Amino acid sequence: MYSIYLIPLLLGMFLAINMGGSGTSPSFSAAFGSNLIRKNLIPGLFGLFVFLGALIAGKKVVSTIGKGILPADIVTLTLTSIILLSVALSLFLANILKVPQSTSQSTVTALVGPAIYFDMLKTDKLFFEILPTWFITPIAAFVITYLIGKFVYKPLQKNNFVTFENIAQNKILKLIVIAAACYVAFAIGSNNVANASGPLVVMAQNVLKVPDASNEFMLIMIVITLVMAPCFGIGSSFLGDRVLSTTGKEIISFGPLGATLISIVTATLLLIASLSKGIPTSLVQMNTGAIIGLGISKVGLKEIFINTPFKKILTIWIVAPILSLVLSFILTYTFDKAGLL
């Protein structure tokens with residue numbers, strides 16, 4: 001009887017694998033772009049810290065994804081499968097095109113599709129917390145890294161207070177940069193694992209008739225996290241290399257201090273979103289905003305926007321969430337008309 005629930009579980013795992021491919025970029029592209037870590041070490045470290053972040057700091061985001069946009073009591077097996085499939089397909093497209101894409105935005109829009117269809121969209125959380133955060137955090141990451149790059153990073157380089165070539169050979173600094181990358185992976189775990197586990201947790205809660213905040217509910221959340229988080233490492237192994245090349249090497253050449261700056265700024269903003277209001281938000285876009293901010297402070301606006309894949313990245317940022325919403329809406333409509341919801 002319960003074997004049918006393997007369908008959404010497998011879809012969640014497929015989504016988590018795609019998220020691992022996409023999430024590798026904002027966590028390790030800075031360290032990779034600085035040539036401070038071997039590529040084959042990235043998936044293991046990434047998967048481990050994603051798991052820790054999800055387990056320690058991911059509860060509020062799970063609640064938002066599971067109940068904050070769509071009423072929890074209508075999250076059935078079929079609807080859960082529709083949501084996860086829509087997100088996975090949009091992210092798979094972005095990974096194939098080698099562009100880092102926001103899992104959170106695609107997940108939220110996939111939830112919005114059936115919510116609109118059933119006229120049950122919870123607008124307060126969406127319009128007054130989630131959407132403003134999506135706009136504010138990438139801009140904040142851009143501004144912070146641009147200002148630090150212009151007034152701290154660039155003057156140090158210009159006046160030769162620090163020899164960056166020598167720093168790159170410093171083992172302690174290398175460990176600090178890698179630790180910052182792991183910190184980003186932890187932040188991803190606190191926010192993005194919920195995109196796969198949130199609908200599954202609520203579905204399991206409905207099936208098993210488990211009350212909120214009970215020991216059984218916490219057990220469900222932990223078990224699903226134990227399944228989903230390792231899939232991020234698998235996705236990093238198979239898909240992460242494609243996206244790493246885009247942000248790590250093609251946008252700007254990083255120094256070790258710049259790499260650490262990007263990692264710390266973006267991860268901190270994401271953790272604030274996760275721990276304060278449980279808002280699913282885009283580390284990918286914050287990371288790219290930070291990269292661009294630092295890049296402009298180093299080489300100028302024209303160089304970044306003309307001679308990098310920024311236009312391609314911006315296009316996919318717009319298209320993928322819309323694709324996710326349209327897919328989930330069409331699939332919900334189709335299954336409902338067929339009497340399968």
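The values are calculated or read from the model by the stated rules, or taken from the named source; none is laboratory data. Keep in mind the model is a prediction, meaning the values are calculated, not measured. No Cβ is skipped: glycine too gets one built from the backbone with ideal geometry, and neighbour counts run over all protein chains shown. These accessible areas exclude ligands, DNA and RNA; they are computed on the full protein's heavy atoms, side chains included. Shrake-Rupley method; radii C 1.70, N 1.55, O 1.52, S 1.80 Å.
Relative protection proxy for 5-12, 105-112, from highest mean packing down: 105-112, 5-12 (other beta-carbon atoms within 10 angstrom). Entry note, the range 38-150: relative contact order of 29 percent, from Cα contacts under 8 Å with a spacing of 6+ residues. Given their separation in residues at 0.36 nm each and the Cα-Cα distance between them, Val223 and Ser276 gain 16.7 nm when the chain is fully extended.
Maximal additional length on extending the Lys39-Ser214 stretch stands at 58.8 nm, based on 0.36 nm per residue less the C-alpha distance.
Net charge around Leu70, counting only other residues with Cβ within less than 12 Å of its Cβ (Lys, Arg = +1; Asp, Glu = -1)?
Counting the neighbours of Leu70, the net charge comes to +1.
With the whole protein complex present, Ile65 retains an accessible surface near 0 Å², based on a 1.4 Å probe.
Annotation: peptides 203-209, 192-198, ranked by per-residue average of other Cβ atoms within 10 Å with the highest first, follow the order 192-198, 203-209. Here the Karplus curve 6.51 cos²θ - 1.76 cosθ + 1.60, taken at θ = phi - 60°, turns the phi angles of the range 276-281 into couplings of 7, 10, x, 8, x, 9 Hz, with x standing for Gly and Pro.
Taking a ≥ b ≥ c as the square roots of the eigenvalues of the Cα gyration tensor, the range 1-128 is prolate, since a/c reaches 1.5 or more and a/b is larger than b/c.
Taking the 1.4 Å solvent-accessible surface of the range 176-231 as the whole, the part contributed by carbon and sulfur is 73%.
Quick one: of Lys59/Lys122; Lys125/Lys209; Lys150/Lys171; Lys39/Lys277; Lys60/Lys298, which pairs are farther than 30 Å apart, Cα to Cα? Walk me through the numbers on the way to the answer.
Values: Lys59/Lys122 19 Å; Lys125/Lys209 25 Å; Lys150/Lys171 26 Å; Lys39/Lys277 34 Å; Lys60/Lys298 38 Å.
Over 30 Å Cα-Cα: Lys39/Lys277; Lys60/Lys298.
For the range 9-121, the solvent-accessible area of protein heavy atoms averages 30 Å² per residue (probe radius 1.4 Å; ligands and nucleic acids excluded). Compute the label zone of Asp336 within the range 100-130: residues whose backbone N is under 20 Å from the point 7 Å along Cα-to-Cβ. Residues 107-124, 126 fall inside that zone. Applying the Kirkwood pairwise sum to the alpha-carbon positions of the range 167-230 produces a hydrodynamic radius of 13.8 angstrom.
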